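Written out below as structure tokens is the structure these notes cover.
The values are calculated or read from the model by the stated rules, or taken from the named source; none is laboratory data. Because the structure is predicted, anything quoted here is derived from the model rather than measured. Cβ placement follows ideal geometry from the backbone for every residue including glycine, while neighbour counts extend to all protein chains displayed.
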Amino acid sequence: MTPYSLLMDFAFMSILLFIAQIMRAKLKIVQRFLLPSSLLAGLMGLLLGHQFLNVIPFTKFAGSYPYMLVVFLFGSLFIGNKTKISFKKIMNEVGDTFLVNGAVYFWQYGIALVIGGGILAVLYPQIPSAFSVLMPGGFIGGHGAAAAFGGAFNELINWDEALPIGQTFATIGLVVGVIGGIIYINIATRKKWTRFIATVKDLPAGMRTGMNPKEEQDSVGVETVNTMSLDSLTWHVMLILIATCGGYYLTNYLQSIFTSLSIPMFSVSMLCGVAVQGVIKMLHIEDYVDKKMISHVGSAATDFLVAFGIATIRISVVVKYLVPILILSVIGVLFCTWYLYFVCRKLYHKYWFERGIFIFGWSTGVVAIGVTLLRIVDPQYRSKTLEDYGMAYVLLSFIEIGLIAILPTLIVNGFSMIAGAVCLIIGVVFLGVCAKMYGVYQGEDDVLRPGEESMPF
């Protein structure tokens, strides 16, 4: 190992990301399946790494980068937040969106822990109880949450297989989200469930090729500090690194004092990010922190996180746990499909398929997949799905982050079944409140519902 080892690992992955982006821009087959460049780069890294062709000399530390990047990513989550929307306002304006999307989080984790965990406890009692939560961690959480869970279990119970298993689930979920979503959209158009399209047409060039046309290009943020003093990108990355540094050292300090205390580092990093934001407010410099740029820095970290996460999946671990992985993946796909065709159909009174396919996309893969699927069925976003989700996510983000932060500690302390049961109960409450407030749709699915509109085909 040399001081250049980490730099070269990221340089090699950058080469793969470049190749993947060019493949997305030029190859029709890649465009057809809408595969993210980070996924393609990760698959190439896996093939060219030491487990197969041994062409790219990734260091032995490459497998630790996903969790390291998660600690960085969670440090960024609350920095630059300025949005203040009340719970009452969200419930009044987008209550059904908040409740239906919120229930997905609780039910997917609950079903995995109770049903998936119960099945594995009978068939594979030697498998750690933490195994089952890696499915929703990868599906609904994506590669970032999967790395968070995997890294946490490595920290808390020294289970180093959790990280590659979580990345495997996340990769499966991403592929299922894209391919399954396109299949379901084709079914919906034939059954006349879609309101804005009659057939599946080509996406806009930017979404299809991954390269935005010149007229659609936008800035990634605002230059909030003067370059005579400090570059604006340096300023924003610096704030995240301060939170990351605090998370690292505070975690080690707490564990040195409370030796029986198990706290995932990414959770502490997130809290340090809250502290950084508090200092920013105390100093009255909120106007000099651009949330859009902070988000883009986090997104850049996520691209490398996904790529390294896939590239360092240990095939021997996947083979060892192949059947349990398949069992839980089937459970996850069946749940997301049922949620689309039953829950969304009954509880969304307008544009149920458009709203439902968006949920299917992000609950198997990531929000970007949900947006892509939505864009296919609602090219002009006339269903207001994204607008409503954006408002609801102010509260949904606390559910998402809270589950990722709390569940690892509960599970390693033997409360996995109880945690799963509580998640299921909360999910039932969410949907029950939604049904009470908005009613349950009982009509036909191929006719316009009140308040809907249809494009002239």
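See the values below:
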| item | result |
| --- | --- |
| Residues that are among the hydrophobic types (A, V, I, L, M, F, W, C) and more than 22 Å from the chain's Cα centre (by Cα), drawn from segment 91-113 | MET91 |
| Residue among LEU47, LEU16, LEU35 that is part of a helix (DSSP H, G or I), within 18 Å of ALA300 (Cα to Cα) and aliphatic (A, V, I, L, M) | LEU16 |
| Scope segment 62-92; condition among the charged types (D, E, K, R) and closer than 23 Å to LYS281 by Cα; matching residues | LYS82, LYS84 |
| Every residue from segment 199-253 that is among the small types (Gly, Ala, Ser), surrounded by 14 or more Cβ atoms within 10 Å (Cβ to Cβ) and modelled with pLDDT under 95 | ALA205, GLY210, GLY221 |
| Among residues of segment 56-101, those that are in a loop (DSSP other than H, G, I, E, B), in contact (Cβ under 8 Å) with a residue 12 or more places away in the chain and among the charged types (D, E, K, R), counted | 1 |
| Segment 311-356: number of residues that are of a type in the set (Phe, Trp, Tyr) and within 25 Å of LEU48 (Cα to Cα) | 1 |
| Candidate set: segment 30-41, residues that are of a type in the set (A, V, I, L, M, F, W, C) and modelled with pLDDT of 90 or more; chosen: the one surrounded by the fewest Cβ atoms within 10 Å (Cβ to Cβ) | VAL30 |
| Selection from segment 407-439 of residues that are surrounded by fewer than 19 Cβ atoms within 10 Å (Cβ to Cβ), β-branched (Val, Ile, Thr) and at pLDDT 95 or above | ILE418, VAL422, ILE425, ILE426, VAL428, VAL429, VAL433 |
| Qualifying residue in segment 382-397 (condition: touching a residue at least 24 places away in the same chain (Cβ under 8 Å), crowded, with 20+ Cβ neighbours inside 10 Å, of a type outside the set (Ser, Thr, Tyr) and over 26 Å from LEU424 (Cβ atoms)) | no |
| Any helices (runs of 4 or more DSSP H) falling wholly within segment 359-457 and containing at least 2 residues that are closer than 28 Å to ILE85 by Cα and in contact with a strand residue (DSSP E or B) (Cβ under 6 Å, 6 or more places away or on another chain) | none |
| Which listed residue is in contact (Cβ under 8 Å) with a residue 40 or more places away in the chain, in contact with a Ser or Thr (Cβ under 6 Å, 6 or more places away or on another chain) and surrounded by fewer than 20 Cβ atoms within 10 Å (Cβ to Cβ), from VAL377, VAL318, VAL333 | VAL318 |
| Within segment 204-310, helices (runs of 4 or more DSSP H) holding 3 or more residues that are hydroxyl-bearing (Ser, Thr, Tyr), out of contact with any strand residue (DSSP E or B) (no Cβ under 9 Å at 6 or more places or on another chain) and over 30 Å from SER37 (Cα atoms) | 232-257 |
| Pairs, first surrounded by 15 or more Cβ atoms within 10 Å (Cβ to Cβ) in segment 1-22, second of a type in the set (A, V, I, L, M) and part of a helix (DSSP H, G or I), C-beta under 6 Å, six or more apart | ASP9/ALA62; MET13/ALA307; LEU16/ALA41; LEU16/MET44; LEU17/ALA41; ALA20/LEU40; ALA20/ALA41 |
| Scope segment 138-151; condition in a helix (DSSP H, G or I) and either free of Cβ contacts under 8 Å to residues at least 24 places away in the same chain or within 13 Å of the chain's Cα centre (by Cα) (or both); matching residues | GLY138, PHE139, GLY142, HIS143, GLY144, ALA145, ALA146, ALA147, ALA148, PHE149 |
| Among the residues listed as ILE294, ILE285, ILE240, the single one being within 18 Å of the chain's Cα centre (by Cα), closer than 30 Å to LYS82 by Cα and not small (Gly, Ala, Ser) | ILE294 |
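Conditions (1) in contact with a Ser or Thr (Cβ under 6 Å, 6 or more places away or on another chain); (2) hydrophobic (A, V, I, L, M, F, W, C); (3) surrounded by 24 or more Cβ atoms within 10 Å (Cβ to Cβ); (4) in a helix (DSSP H, G or I), marked per residue:
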site: GLY118; (1), (2), (3), (4): no, no, no, yes
site: PRO136; (1), (2), (3), (4): no, no, yes, yes
site: PHE153; (1), (2), (3), (4): no, yes, yes, yes
site: LEU156; (1), (2), (3), (4): yes, yes, no, yes
site: THR168; (1), (2), (3), (4): no, no, yes, yes
site: GLY177; (1), (2), (3), (4): yes, no, yes, yes
site: GLY180; (1), (2), (3), (4): no, no, no, yes
